[in-house]
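Here is the structure we will look at.
The values are calculated or read from the model by the stated rules, or taken from the named source; none is laboratory data. In this text, all values refer to a predicted model and were calculated from it rather than measured experimentally. Please note: Cβ atoms are built from the backbone with ideal geometry, for glycine as well, and neighbour counts cover all protein chains shown. The accessibility values were calculated without ligands, DNA or RNA, using every heavy atom of the protein model including side chains. Shrake-Rupley method; radii C 1.70, N 1.55, O 1.52, S 1.80 Å.
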Amino acid sequence: MHELAKPFLKSCAEETEAERVGYWSVGEEVIFCESMYVKEKKEFTRGTFFYKEGCKSFLEALEREGIFESKRAQEDERIGECMGEYLRANNTNMLLCFGVWFEGRLVGFLTLEKSQRRQWIIFEFYKVLYTTSLISLLFEKQKGDFLLRMYKTLYSVNNLILNVKEREELFSWFCRIAVEEGMFRMVWVGLLDEKGNVVPVASAGYGEDYLSWLRINIYDEITKKEPTATAIREGKIQINNDTETNPAMAPFREKMLKRGYLSSCAFPISFKGKVIGAINLYSDKKNFFSEEVIKLVEELGGYLSFALEYMETLRTKNILYLAVEDIKDWVIMTDKKGYIEYANPAVEEISGYKREEIIGKKTSIFKSGLHSEDFYKKLWDTILSGNIFSDVFINRRKDGSLFYLSSRITPIKDEKGKIVGFIAVGRDITQFREIEEKLKYLSSYDPLTGTANRNYFFEVLDSAIKEGGTIVIAVVDIYNLSRINFLYGYSTGDKYLLSLAKKLSKVGDFCGRYGSDEFMLFKRLKYTKEFEKFVDDILKVGEEIRLTLRVGFSLFPLDDSDPYSLVEKAMYALKSAKSATNFYAFYIKHEEDEILRSLKMEEELSHALERGEFLLYFQPYYSSKDYKVEGAETLLRWNSKSFGLLPAGKFIHLIQKRKELMDKMEYWVFETAIRLIKTHSIKIPISINLSPLHIEESFCGYIKSLLEKYEVSPNLIDIEITEESVIKDTDKALKVLKMLKEYGLKIVLDDFGVMYSSLSLLS
């Protein structure tokens with residue numbers, strides 16, 4: 001989004017007296033700066049964010065008014081908690097915000113900032129300009145995704161023409177494809193009966209029960225103005241882009257809105273020059289049927305009408321289009337030797353030749369050189385024996401470009417049954433073939449990296465396995481790609497992915513993308529040393545582009561013979577590699593069992609807290625002089641139904657992998673411990689571990705609030721920390737520890753000597 005917005009933000013800054021212009025997205029938890037243009041530096045920045053929880057007043061005002069203006073921004077209570085620190089840091093005194101809505105929800109806002117408190121020189125139409133321009137940017141990306149789906153729909157419908165032989169089957173498949181691939185909410189086909197009723201014959205999608213009560217008659221005064229009836233009567237596409245306001249939808253409005261049909265389209269179906277019914281498409285979005293969508297719908301309708309004609313041709317088995325001048329299909333008549341005697345205008349249009357240029361010439365004038373001699377031998381053997389030959393011809397136009405012709409060549413016989421010539425009827429499917437090639441590529445390859453997708457990789461690996469030999473399979477994971485994306489943006493992350501994919505493709509025989517930050521590749525091995533080189537080459541790739549890689553390996557036929565199982569075993573090895581010092585590992589059977597156990601534990605841990613399976617023990621420690629209890633240490637236990645009672649060392653590493661779960665656990669431990677101190681009137685100090693993740697001022701405040709809530713003296717709490725907590729950010733840690741001491745809590749350093757053993761740090 002921020003790349004699309006850059007020119008717009010810069011233009012806003014240049015046309016107004018704003019010193020900084022930015023676009024901020026409103027997410028589930030944070031408000032994030034997608035892009036900010038700073039006029040003084042003439043550069044863009046991004047990445048600043050605020051938590052939504054502190055921005056309630058600001059967001060409520062923006063949602064209520066649509067525009068938020070503050071002439072004393074740094075002193076404004078509505079935004080103080082949200083972005084006060086940011087405004088002061090940038091000396092912003094005047095702030096103007098324009099909300100951006102999408103489908104009734106606030107998705108972001110535009111900000112204009114300046115330091116001087118002079119009145120904005122801005123007019124009302126600017127407000128509309130800014131917000132509508134941003135909404136246009138939001139829609140731009142969606143448009144590309146939608147067009148790709150629609151072209152895929154066109155391709156699938158085109159395949160129907162060649163494979164479906166019955167009208168009812170054609171309509172049913174058409175509706176299903178339009179819903180599944182075109183993403184329409186509901187689609188139905190209705191045919192006209194003798195009395196003018198439109199009878200539904202096929203449907204698919206959400207709310208098909210809508211058809212059970214639907215009654216449309218093209219002559220009825222109430223329903224004849226409805227889009228379906230109008231499309232059939234007038235033979236033209238009819239659009240309803242707003243069910244709520246369109247008068248023609250009045251008889252059906254309530255039931256349509258109930259099912260989310262906010263816009264609709266009716267396209268007439270023609271057969272033998274007569275309108276016989278209509279295709280009806282429904283969307284859950286208003287104003288869905290733009291010019292581009294209408295154009296694609298017209299193509300869909302055209303294909304369906306063509307399919308009906310095509311099926312009729314197959315049924316009758318007659319030679320159609322003989323000497324027909326007014327059709328767009330290719331028609332050529334030749335003598336027995338292949339010399340052209342007749343060509344219709346479509347031949348001129350498709351090939352680029354004038355009729356006088358090809359009459360009397362052999363059909364080889366269209367030859368591209370891309371068919372083998374065997375292809376032409378089969379053609380002549382077939383038609384000279386009196387049979388029909390059908391295939392796709394790759395021909396060449398007069399200007400040298402190629403075109404694809406789906407053609408059918410039929411022998412013409414005289415009254416004695418002797419072959420006297422041939423007639424070729426065909427359709428230019430060049431556009432369809434181009435779409436097919438694009439879709440074929442998309443179905444086999446990852447569009448970002450150009451490597452194979454999962455299905456195609458497994459297909460190629462399976463072929464390699466069937467050829468035999470020794471094959472090594474590797475799954476490569478990029479360490480901390482999400483951090484790269486967060487710090488530098490997804491465009492930088494994508495560049496790293498593309499660079500890695502290109503280099504890995506050269507290392508192995510074949511490379512594919514497994515996940516967002518994982519690749520898989522395989523290589524045939526002739527010698528043992530090749531395996532060692534393969535491992536080194538992969539790790540060197542990471543060094544070259546400054547990425548830390550983890551790699552898991554499996555071998556065929558040693559580990560398995562199924563491509564899916566081999567990759568799965570390499571994934572098990574990858575999990576081991578993530579904890580290995582050399583960054584790679586090989587598949588070992590017992591490690592798979594351990595990984596499966598860990599995965600099951602991870603799954604159960606995610607629900608253990610809400611099921612109340614965690615326990616907190618207090619383990620006392622004693623004075624060596626008089627054996628009196630001096631205090632106790634909190635010990636976490638998990639009473640798992642599947643694994644029994646487990647100490648923290650068996651599962652805490654799995655919790656630490658998931659920050660959200662770790663946060664909940666830490667909060668639970670502290671509140672449970674302090675509550676138990678209160679409940680059991682404990683008078684000795686209790687030690688509680690504070691993880692490095694929670695050396696934060698906010699968490700200190702939480703501990704203080706618990707002490708006040710349960711009325712527990714801070715003298716009864718010892719906070720245990722490790723060297724790791726302090727060494728990562730000493731200044732921050734000391735600030736937090738000082739705050740805890742000021743609350744009256746005692747700090748205990750645990751595991752001293754395990755890691756850094758710094759006496760100066762200890763002091």
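Hey, among the residues in segment 726-757 that are assigned to a helix (DSSP H, G or I) and among the basic types (K, R), which one's modelled with the lowest pLDDT?
Among those residues, the one meeting the criterion is K732.
Table: residues versus (1) without any contact (Cβ under 8 Å) to a residue 60 or more places away in the chain; (2) loosely packed, with under 15 Cβ neighbours inside 10 Å; (3) part of a strand (DSSP E or B).
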{"site": "A18", "(1), (2), (3)": "no, no, no"}
{"site": "F32", "(1), (2), (3)": "yes, no, yes"}
{"site": "Y37", "(1), (2), (3)": "yes, no, yes"}
{"site": "E40", "(1), (2), (3)": "yes, yes, no"}
{"site": "G54", "(1), (2), (3)": "yes, no, no"}
{"site": "S57", "(1), (2), (3)": "yes, no, no"}
{"site": "T92", "(1), (2), (3)": "no, no, no"}
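Within segment 488-499, is there a residue that is in contact (Cβ under 8 Å) with a residue 24 or more places away in the chain, on the phi < 0 side of the Ramachandran plot and loosely packed, with under 12 Cβ neighbours inside 10 Å?
yes
Considering only segment 42-51, state which residues are on the phi > 0 side of the Ramachandran plot and either open to solvent by 70 Å² or more (accessible area, probe 1.4 Å) or touching an Asp or Glu at 6+ places or on another chain (Cβ under 6 Å) (or both).
Selection gives K42 alone.
Any residue in segment 738-763 that's on the phi < 0 side of the Ramachandran plot: show its pairings with residues that are acidic (D, E) and at pLDDT 80 or above at Cβ separation under 9 Å, as long as the two are six or more apart or on different chains.
L745/D718; K746/D718; I747/D718; I747/E720; V748/D718; V748/E720; L749/E720; D750/E720
Among the residues of segment 179-223, how many are charged (D, E, K, R) and at positive phi?
Adding up the residues that qualify gives 0.
Tally the residues that are among the aliphatic types (A, V, I, L, M) and surrounded by 17 or more Cβ atoms within 10 Å (Cβ to Cβ), restricting the search to segment 385-411.
Residues flagged as among the aliphatic types (A, V, I, L, M) and surrounded by 17 or more Cβ atoms within 10 Å (Cβ to Cβ) within segment 385-411 amount to 3.
Every residue, every condition in (1) in a strand (DSSP E or B); (2) more than 28 Å from E309 (Cβ to Cβ); (3) modelled with pLDDT of 90 or more, yes or no:
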residue	(1), (2), (3)
D326	no, no, no
I340	yes, no, yes
Y353	no, no, yes
G386	no, no, yes
S406	yes, no, no
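Is it the case that I79 is without any contact (Cβ under 8 Å) to a residue 40 or more places away in the chain and either open to solvent by less than 30 Å² (accessible area, probe 1.4 Å) or on the phi < 0 side of the Ramachandran plot (or both)?
Against the criterion (without any contact (Cβ under 8 Å) to a residue 40 or more places away in the chain and either open to solvent by less than 30 Å² (accessible area, probe 1.4 Å) or on the phi < 0 side of the Ramachandran plot (or both)), I79 qualifies.
Only residues that are within 46 Å of the chain's Cα centre (by Cα) and over 30 Å from K418 (Cβ atoms): list them for segment 354-371, please.
S368, G369, L370
Conditions first: (1) at pLDDT 85 or above; (2) open to solvent by 50 Å² or more (accessible area, probe 1.4 Å). L555 passes all but one, so which condition is the exception?
(2)
Are there strands (runs of 3 or more DSSP E) fully within segment 219-323 with at least 2 residues that are under 19 Å from L170 (Cβ atoms) and at pLDDT below 90? List them.
263-271
Just one of S691, S687 is touching a residue at least 60 places away in the same chain (Cβ under 8 Å), small (G, A, S) and under 25 Å from T730 (Cβ atoms); which is it?
Criteria check complete, one pass: S687.
How many residues are open to solvent by 60 Å² or more (accessible area, probe 1.4 Å) and outside any loop (DSSP other than H, G, I, E, B) when one looks only at segment 510-549?
9
Residue by residue, here is whether (1) modelled with pLDDT of 90 or more; (2) out of contact with any strand residue (DSSP E or B) (no Cβ under 9 Å at 6 or more places or on another chain); (3) of a type in the set (S, T, N, Q) holds:
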site: I31; (1), (2), (3): yes, no, no
site: K56; (1), (2), (3): yes, yes, no
site: G104; (1), (2), (3): no, yes, no
site: I122; (1), (2), (3): no, no, no
site: F125; (1), (2), (3): no, yes, no
site: K143; (1), (2), (3): no, yes, no
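Which condition number in (1) open to solvent by 50 Å² or more (accessible area, probe 1.4 Å); (2) of a type in the set (D, E, K, R); (3) at pLDDT 85 or above is the one that D718 fails?
In the conditions (1) open to solvent by 50 Å² or more (accessible area, probe 1.4 Å); (2) of a type in the set (D, E, K, R); (3) at pLDDT 85 or above, D718 misses (1) alone.
W101 fails exactly one of the following numbered conditions: (1) within 27 Å of K286 (Cα to Cα); (2) part of a helix (DSSP H, G or I). What is the number of that condition?
Here W101 clears every test but (2).
Based on what the data block shows, is L370 assigned to a loop (DSSP other than H, G, I, E, B) and touching a residue at least 40 places away in the same chain (Cβ under 8 Å)?
Taking the combined requirement at face value, the residue does not satisfy it.
What is the residue count in segment 670-715 for residues that are open to solvent by 20 Å² or more (accessible area, probe 1.4 Å) and not acidic (D, E)?
Summing the residues that are open to solvent by 20 Å² or more (accessible area, probe 1.4 Å) and not acidic (D, E) in segment 670-715 gives 23.
With respect to G417, is the statement that it is over 47 Å from the mean Cα position of the chain (by Cα), touching a residue at least 60 places away in the same chain (Cβ under 8 Å) and more than 26 Å from A307 (Cα to Cα) true?
no
Out of all the residues in segment 228-285, which are open to solvent by 40 Å² or more (accessible area, probe 1.4 Å) and among the charged types (D, E, K, R)?
Hits for segment 228-285 are R233, E234, K236, E244, R253, E254, K255, K258, K272, K274, D284, K285.
List the residue pairs whose Cβ atoms are under 8 Å apart, where the first residue sits in segment 447-466 and is assigned to a helix (DSSP H, G or I), the second is open to solvent by 70 Å² or more (accessible area, probe 1.4 Å) and modelled with pLDDT of 90 or more, and the two are 6 or more positions apart or on different chains.
Filtered contacts from segment 447-466: F458/Y564; A464/D509; A464/R524.
Which residues, counting only those in segment 351-367, are open to solvent by 70 Å² or more (accessible area, probe 1.4 Å) and touching a residue at least 24 places away in the same chain (Cβ under 8 Å)?
Matches in segment 351-367: K362, K367.
Filter segment 604-620 down to the residues that are exposed (fewer than 12 other Cβ atoms within 10 Å of the Cβ) and either modelled with pLDDT under 90 or in a loop (DSSP other than H, G, I, E, B) (or both) and list them by number.
H607, E610, R611, G612, listed by residue number.
Quickly run through segment 243-291 and pick out the residues that are under 28 Å from the mean Cα position of the chain (by Cα) and at positive phi.
Those that are under 28 Å from the mean Cα position of the chain (by Cα) and at positive phi: G260, N287.
Those residues that are β-branched (V, I, T) and over 19 Å from A13 (Cβ atoms), I need them from segment 26-63; list them, please.
Scanning segment 26-63 gives V26, V30, I31.
Need the failing condition index for F643 against (1) aromatic (F, W, Y); (2) more than 24 Å from R675 (Cα to Cα); (3) without any contact (Cβ under 8 Å) to a residue 24 or more places away in the chain, just the number.
All conditions are met except number (3).
Within segment 206-218, can you find the residues that are outside any helix (DSSP H, G or I) and under 23 Å from G182 (Cβ atoms)?
Those that are outside any helix (DSSP H, G or I) and under 23 Å from G182 (Cβ atoms): Y206, G207, E208, D209, L214, I216.
Assess whether S565 counts as being open to solvent by 40 Å² or more (accessible area, probe 1.4 Å) and either in a loop (DSSP other than H, G, I, E, B) or under 19 Å from A464 (Cβ atoms) (or both).
Judged against the criteria, S565 is not a match.
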